[in-house]
Amino acid sequence: PHDDHHTNGEIVAALKAVLDTPKDAPLHILCSPQLIKALTTDLPRWEDKGWIEVANATYTRALVNQLRQRCAPTTLKEPSTNEEHNLRTLALQKSAEQHTNSTPTEVPPAIEQAFNLSGAKLSALSQATAYRGIRATSTVATRASSCKNEQRTLNRLADLGLKSALRDTVWRSIRNKEIHRKIVDFLWKDIHNVHHVGTYWTNIPGLEERAICETCGTTEDMEHILTRCRAPGQKRIWRLTKALWTRKGQPWRAPTETDILTASVGLYPRQDNSKTKNYLARLWAILIPEAAFLIWKLRCERVIGHADEADWKHTDQEISRHWLATVNRRLQIDLTATSKRFGHLAKDNRLVWATWTGTIGDEQGLYEDWTRVPRVLVGIDPGICATTDPG
């Protein structure tokens, strides 16, 4: 889909030109190749599937509708001569001046029903596309807590330098392919504030005490559970994660709840002025959600699974074993995914090597490309746990 801002503005400008031109007068539009492709090559496919998942569909559809009402010749042409380039540059300058110095003119996406091709071809739809089309037409109730968490997350991204982040950035970040499906569900529930913790219990008579952390004596919300709780688990898991991350030669930043939600955006802590590395962004996107989900599981085991046992808690050794098993499982998934039997879906073994090198136990004793070594011989260095101070 043509979802860049320049193409969107060009579609609206073309619609304005068509609306202002008599239908029986010839019209010649100088435009980009992207718009020409949208109105010629892409149009039949978009109409066949009912404009589902087409970016800027409202104005593109209106433009097509208005063009079909015309009875005079209409041409779309990419600028080729100096005169045409000058005309296009002048138009862009006038548009920028008007946007800066006056209120922009609103262009209504008018549609004449007699020229409107509605619906979609069944032969062009998949079940997934049809489902998304149905979802797009349904009204979703706004949740105050979700909007609040979205805004907190966007503010955090802006603080980290990503000022252009949108709501979609937040939701897409938790659906990253590197994040396990169970963890995606966990993060999704966190944004929607539907985990049964903290203030959830304050409105249930007789269960209000469950809102308070027994260890710390304060409200047990997700921020507290994942980053501040003094019960065994949280602090040690983040220390272990820090020990592994710093083996990549990168600085550490203690994650906040919003950092966990946006771990896959690519804003990992790095040296000043250093470029973003794909393999480091990938490792951060794996480690941070996995660590957060492990903290949550250990908390649930302690608070729910052993609710009848007073003062029960995990030992440091148990926590370390859980963490090491979790990270090793992710490493093994990566190694398995490099197999050639997966064809074009196989992960690039060079990416997997770059992601985990420096964290592997006895790496110097393995082949240089240890991704081809039998998986039972490759694992995270257990020395990370041994050198980490008890939490």
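The values are calculated or read from the model by the stated rules, or taken from the named source; none is laboratory data. Treat the numbers as computed from the prediction; the structure is a model and nothing was measured. No Cβ is skipped: glycine too gets one built from the backbone with ideal geometry, and neighbour counts run over all protein chains shown. With ligands, DNA and RNA removed, areas are computed over all heavy atoms of the protein, side chains included. Shrake-Rupley method; radii C 1.70, N 1.55, O 1.52, S 1.80 Å.
A compact table of results
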| quantity | calculated |
| --- | --- |
| Most to least packed among 259-266, 378-385 [average Cβ atoms within 10 Å] | 259-266, 378-385 |
| Peptides ranked, highest mean first, by Cβ atoms within 10 Å: ranges 198-204, 163-169 | 198-204, 163-169 |
| Other-chain or far-sequence residues with amide H under 5 Å of Ile380's (modelled H) | Gly361 |
| Accessible area in square angstrom per residue, the chain, 1.4 angstrom probe | 59 |
| Where no second cysteine Cβ lies under 4.7 Å, the cysteines concerned in the chain | Cys31, Cys71, Cys147, Cys229, Cys300, Cys385 |
| Accessible-area composition of the stretch 186-306, carbon plus sulfur, in percent [1.4 Å probe] | 49 |
| Lys/Arg +1, Asp/Glu -1 at C-beta; the stretch 227-302 dipole; positive extreme among Ser264, Ile237, Ser274 | Ile237 |
| Nearest-20 debye value, the chain charge dipole, Cβ charges on Lys, Arg, Asp, Glu | 680 |
| Protection-proxy order for peptides 226-237, 133-144, each taking the mean of Cβ atoms within 10 Å per residue, highest first | 226-237, 133-144 |
| Prolate/oblate/rounded label for the stretch 125-247 (Cα gyration tensor, a/c 1.5) | oblate |
| Magnitude of the charge dipole, the stretch 1-82, Cβ model with Lys/Arg +1 and Asp/Glu -1, debye to 20 | 260 |
| Straight-distance crosslink candidates among aspartates and glutamates, where the alpha carbon sits under 18 Å from Lys297 and sequence neighbours closer than 8 are dropped | Asp185, Asp190, Glu214, Glu220, Asp221, Glu223, Glu257, Asp308, Glu309, Asp311, Asp316, Glu318 |
| Tensor-based shape of the stretch 198-250 (alpha-carbon gyration tensor, a/c under 1.5 rounded, otherwise prolate or oblate) | prolate |
| Filtered GluC sites (Glu not before Pro), the stretch 291-347: DSSP coil and at most 14 other beta carbons within 10 Å | Glu309 |
| Size of charge dipole - the stretch 32-74 - debye, nearest 20, with Cβ of Lys, Arg +1 and Asp, Glu -1, no other charges | 140 |
| Whichever lysines have a C-alpha closer than 21 Å to that of Lys148, once near sequence neighbours (fewer than 8 apart) are set aside | Lys163, Lys189 |
| Within the accessible area of the stretch 77-180 (1.4 Å probe), percent carbon and sulfur | 52 |
| Extension gain, Arg143 back to Arg68 (0.36 nm per residue minus Cα-Cα distance, nm) | 22.9 nm |
